[in-house]
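Inspection log for the structure reproduced underneath, given as structure tokens.
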Amino acid sequence: MKFFADTANLDEIKSAASLGILDGVTTNPSLVAKEGGVDFKEHILKICEILNNPKASVSAEAVSTEYESMIKEGRELAKIHPCVYVKLPMTRAGLQATHTLASEGIRVNQTLIFNAGQALMSAKAGARFVSPFVGRLDDIGQDGMVLIQEIREIFDNYDFECEILVASIRGPLHAINAARLGADIATMPVKVMDQMLKHPLTDNGLASFLKDWENRGK
Ligand code: G3P
């Protein structure tokens with residue numbers, strides 16, 4: 001499973017990259033806005049440079065909503081760096097733009113996926129990633145993981161060149177359950193990566209080993 005950091009904060013990205021298990025970064029307009037008045041394209045370029053890995057993926061989201069402007073914006077975003085995936089919303093225009101950009105060799109991450117039909121249509125249009133938002137489904141009382149299971153089942157029936165990128169992850173259990181279901185990618189806040197690597201028994205065990213070592217008979 002690939003791990004992506006779901007943030008536009010450069011310090012958080014550097015911190016996650018230092019773990020040695022970071023495969024990419026996803027951003028969205030809300031996350032970029034949190035960084036203040038940064039130049040969007042320059043900021044995406046900085047993220048690509050931090051990852052410094054030709055196999056890494058950095059999702060940059062278009063903010064246009066009409067087909068023509070989406071493909072224009074998508075082409076511009078794709079030029080920023082070879083690692084860029086253009087993120088487009090799962091709307092009628094977004095699906096059409098995905099098909100056009102995919103036919104030009106531009107990789108698209110179709111975002112705001114909330115049901116399996118949307119994921120299927122997006123994969124057929126040529127998206128390389130579909131991003132189902134599990135946390136936001138949980139928020140409205142639907143089990144986001146059921147959607148991951150459904151998409152996995154559908155994609156396993158066919159040969160789409162499309163990966164399941166589980167988004168809107170809110171805690172370690174989301175990431176673990178996504179991995180158990182065979183999702184290809186989990187994008188998560190860096191805070192969740194920090195939570196995942198910790199266990200109180202690891203800390204207590206280490207403290208007790210070190211104490212016993214100090215008190216060993218010499
Ligand atoms: O990047 C999109 C997604 O991960 C957003 O998550 O927590 O705002 O639902 P959240």
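The values are calculated or read from the model by the stated rules, or taken from the named source; none is laboratory data. This is a predicted model, so every value here is computed, not measured. Virtual Cβ from ideal backbone geometry, glycine too; neighbours counted across all protein chains shown. The accessibility values were calculated without ligands, DNA or RNA, using every heavy atom of the protein model including side chains. Shrake-Rupley method; radii C 1.70, N 1.55, O 1.52, S 1.80 Å.
Amide H contacts of Thr26 (H built 1.01 Å from N, in plane; Pro and chain starts excluded): Ala5, Asp6, Thr7, Ser59 sit under 5 Å, all sequence-distant by 5 or more or on other chains. Under 17 Å from a label point set 7 Å out along the Cα-to-Cβ vector of His43, the amide N atoms of the range 50-69 belong to 50-51, 58-64. Under 5 Å from the amide H of Ile113 lie the amide H atoms of Ser131, Phe133, each residue being 5 or more positions distant or on a separate chain, with H modelled from the backbone and absent for Pro and chain starts. The ellipsoid equivalent to the alpha-carbon distribution of the range 4-101 has semi-axes of 24, 14, 11 angstrom, derived from the gyration tensor eigenvalues as √(5λ) and listed largest first. Derived scalar couplings between HN and Hα for the range 58-65 equal 10, 8, 10, 8, 6, 10, 6, 10 Hz in order, rounded to whole Hz, by the Karplus curve 6.51 cos²θ - 1.76 cosθ + 1.60 (θ = phi - 60°), x for Gly and Pro. Net charge within 11 Å of Ala167 by Cβ-Cβ distance, Lys/Arg positive one each and Asp/Glu negative one each, not counting Ala167 itself? The answer is +2.
Amide H to amide H distances under 5 Å link Ile106 with no residue, where only residues 5 or more positions off or on other chains count and H is placed in the peptide plane.
Sorted largest first by accessible area at a 1.4 angstrom probe radius, with every protein chain in place, the residues Arg180, Arg170, Arg152, Arg107 fall in the order Arg180, Arg170, Arg107, Arg152.
Among Lys55, Lys218, the sequence by solvent-accessible area, most first, with a 1.4 Å probe is Lys218, Lys55. Look at the alpha carbon pairs under 8 Å that are at least 6 residues apart: their mean separation over the length of the chain gives a relative contact order of 17 percent. For the chain, carbon and sulfur atoms together expose 52% of the accessible surface, with a 1.4 angstrom probe and every protein chain in place. What is the helix-to-structure angle for 40-51, meaning the angle in degrees between its Cα long axis and the longest Cα principal axis of the chain, kept from 0 to 90 and rounded to the nearest 10? On a 0 to 90 degree scale, this one is about 40. Taking θ as phi - 60° and the Karplus parameters 6.51, -1.76 and 1.60, the scalar couplings of the range 207-217 work out to 4, 6, 4, 5, 5, 4, 5, 5, 8, 5, x Hz in sequence order, x denoting glycine and proline.
Once you have the Cα-Cα distance between Arg180 and Glu66, take 0.36 nm times their residue separation minus that, and quote the gain in nm to one decimal.
Once the chain is fully extended between Arg180 and Glu66, it gains 37.3 nm.
Using Cα pairs under 8 angstrom and six or more residues apart, how large is the relative contact order of the range 137-185, in percent? Write out the running numbers ahead of the final one.
Numbers: 31 pairs, mean separation 20.8, N = 49.
Worked out over the range 137-185, it gives 42 percent.
Accessible surface area normalised per residue over the chain is 53 Å², counting heavy atoms of protein chains with a 1.4 Å rolling probe. Quick check: the distance between the Cα centres of the range 75-125 and the range 17-70, to the nearest angstrom? For the range 75-125 versus the range 17-70, the Cα centre distance is 15 Å.
State the three equivalent ellipsoid semi-axes of the chain, derived from the C-alpha gyration tensor as the square roots of 5 times its eigenvalues, in descending order and whole Å. Kindly include the intermediate steps, with their values, before the conclusion.
Numbers: eigenvalues 237, 91, 41 Å².
Square roots of five times the eigenvalues give 34, 21, 14 Å.
Spatial offset of the range 142-169 relative to the range 185-218 amounts to 33 Å, using the alpha carbon center of each. Structural descriptor for the range 1-77: relative contact order 30 percent, calculated from alpha carbon pairs under 8 angstrom and at least 6 residues apart.
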